[in-house]
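Student: One structure, as structure tokens, below. Some questions next.
The values are calculated or read from the model by the stated rules, or taken from the named source; none is laboratory data. What you see is a predicted model, and the numbers here were worked out from it, not measured in a lab. Cβ placement follows ideal geometry from the backbone for every residue including glycine, while neighbour counts extend to all protein chains displayed. Remember, those area values only see protein heavy atoms, side chains included, never the ligands or the DNA or RNA. Shrake-Rupley method; radii C 1.70, N 1.55, O 1.52, S 1.80 Å.
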Amino acid sequence: MDNIIEVREADCRSCYRCIRHCALKAISCRDDRTRIIREECIYCGRCVLECGRGARVVTSDRPMIEEALRRGEKLYVSVAPSFPAAFNGINLFQLSAALKKLGFTAVEETAIGAEQVTRAYEELIASRSMPNIITSSCVALNLLVQKRFPELLPQLAPVLTPALTHAKMMHAVYGSRARVVHIGPCIAKKAETGKGIFAALTFLQLREWLDERGIDFGEEDRTARGMRNR
């Protein structure tokens with residue numbers, strides 16, 4: 001997905017704040033308007049946070065998800081375990097019930113995939129096959145190595161991220177045609193769509209969707225799978 005962060009030109013006032021705070025200098029200025037250099041961007045989201053006018057917008061996969069739901073497709077959610085920070089006081093069962101009201105079929109914690117990733121790292125370390133190991137769980141870090149430090153690629157662990165690992169596990173359980181939607185705090189996770197993940201939403205985008213539909217967390221769905229109830 002190339003258009004993870006878009007620029008609203010009407011709101012951009014060429015203050016260059018985004019350029020000053022982009023560590024990778026992945027933003028250029030042309031015709032008094034800033035442009036994101038897609039080939040250089042690792043989707044860390046710093047420019048979105050720094051833009052005081054809201055000219056930087058994280059694109060949403062919600063239209064694609066809603067269209068799939070209208071077609072009657074079964075969508076399965078892999079939710080990042082950090083959801084309590086975004087939904088204070090809400091447990092996995094409450095979140096799952098709310099997501100099912102939106103039309104999702106089942107909900108699981110991405111931490112299930114992270115557990116398998118941990119085992120893979122333990123085996124990699126025990127094998128002593130790599131003198132130096134750069135962990136590959138962070139999408140933004142993976143992109144940084146690939147785009148800026150390709151000479152370090154041999155040191156990047158050959159292990160999928162927790163999100164992709166979990167998606168692979170869900171496909172094994174629910175079928176290869178199952179659509180997996182990742183929901184979490186990280187913008188860079190959107191770069192993993194099309195690699196086993198159908199779509200990705202941020203917690204903020206999910207919150208907006210739930211608010212628009214008037215869905216609260218008053219019910220629980222005990223079928224949700226997390227680290228504590230497998």
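Student: ³J(HN,Hα) across segment 30-38 via Karplus (A = 6.51, B = -1.76, C = 1.60, θ = phi - 60°), whole Hz, x for Gly/Pro?
Tutor: Going residue by residue, I get 8, 6, 6, 9, 7, 9, 7, 8, 4 Hz, with x marking Gly and Pro.
Student: In nm, give the distance between the simple-model label positions of Tyr121 and Arg177, each being 7 Å from the Cα along the Cα-to-Cβ direction.
Tutor: The two pseudo-label positions are separated by 3.7 nm.
Student: Taking a cut-off of 16 Å between Cα atoms, list the lysines near Lys101, but don't count ones fewer than 8 places away on the same chain.
Tutor: By straight Cα distance, Lys101 reaches Lys74.
Student: Hey, any idea what % of the chain's accessible area is carbon plus sulfur with a 1.4 Å probe?
Tutor: Values: 6230 of 12170 Å².
That fraction is 51 percent.
Student: Starting from the amide H of Ile27, placed 1.01 Å from N in the peptide plane, find each other amide H under 5 Å away whose residue is 5 or more places distant or on another chain.
Tutor: Sorted by chain and number, the residues that satisfy this are Ile37.
Student: Which net charge results for the neighbourhood of Lys25, defined as the other residues with beta-carbon distances under 13 angstrom from its beta-carbon, given Lys and Arg at +1 and Asp and Glu at -1?
Tutor: Details: positive: Arg20, Arg35, Arg46, Lys147, Arg148; negative: Glu39, Glu40.
Net of charged neighbours comes to +3.
Student: Near the amide H of Thr110, under 5 Å away, which other amide H atoms are found, from residues 5 or more places off or on another chain, if H is placed in the peptide plane?
Tutor: Val79, Ala80
Student: Across all directions of projection, what mean area in square nanometres is found for the Cα convex hull of segment 90-230?
Tutor: Details: hull surface 38.5 nm².
Mean projected area for segment 90-230: 9.6 nm², to one decimal.
Student: Another question, if that's okay. Taking H placed 1.01 Å from N in the peptide plane, check which residues at least 5 places from Leu201 or on another chain put their amide H under 5 Å from its amide H.
Tutor: Under 5 Å from the amide H of Leu201 lie the amide H atoms of His182, Ile183, Gly184, each far enough along the sequence or on another chain.
Student: How about the chain: what cysteines have no other cysteine beta carbon under 4.7 Å from their own?
Tutor: Cys12, Cys15, Cys22, Cys29, Cys41, Cys44, Cys51, Cys138, Cys186
Student: If you don't mind, another one. Antiparallel as a % of all DSSP beta bridges within the chain, to the nearest 5?
Tutor: Values: 7 of 23 bridges.
Counting only bridges with both partners in the chain, antiparallel ones make up about 30 percent.
Student: While we're here: Using the Cα gyration tensor of segment 147-230, with a ≥ b ≥ c the square roots of its eigenvalues, what is the shape: rounded (a/c below 1.5), prolate (a/b larger than b/c) or oblate (neither)? The partial results should precede the final answer.
Tutor: Values: a/c = 2.34, a/b = 1.58, b/c = 1.48.
Prolate, because a/c is 1.5 or more and a/b exceeds b/c.
Student: Still on this structure, I have one more. Mind checking the per residue accessible area of the chain for me, 1.4 Å probe, whole number of Å²?
Tutor: It amounts to 53 Å² per residue over the chain.
Student: Along segment 49-64, what does the Karplus equation 6.51 cos²θ - 1.76 cosθ + 1.60 (θ = phi - 60°) give for ³J(HN,Hα), rounded to whole Hz, x for Gly and Pro?
Tutor: Calculated HN-Hα couplings, in order: 5, 7, 6, x, 9, x, 7, 9, 10, 7, 5, 10, 8, 4, x, 5 Hz.
Student: Follow-up question, since we're still on this one. Straight-line reach only, C-alpha to C-alpha below 16 angstrom: list the aspartates and glutamates that Lys168 could link to, leaving out same-chain residues fewer than 8 apart.
Tutor: Glu108, Glu109, Glu115, Glu192
Student: When the Karplus curve 6.51 cos²θ - 1.76 cosθ + 1.60 is applied with θ = phi - 60°, which whole-Hz ³J(HN,Hα) does each residue of segment 17-29 get, with x for Gly and Pro?
Tutor: So the Karplus estimates, Gly and Pro as x, are 4, 5, 5, 5, 9, 7, 5, 9, 6, 9, 10, 10, 10 Hz.
Student: Within segment 57-102, list the trypsin sites (Lys or Arg not before Pro) lying in a DSSP loop whose Cβ has at most 14 other Cβ atoms in a 10 Å radius.
Tutor: Details: sites: Arg70, Arg71, Lys74, Lys100, Lys101; in loops: Arg71, Lys74.
Passing sites in segment 57-102 are Arg71.
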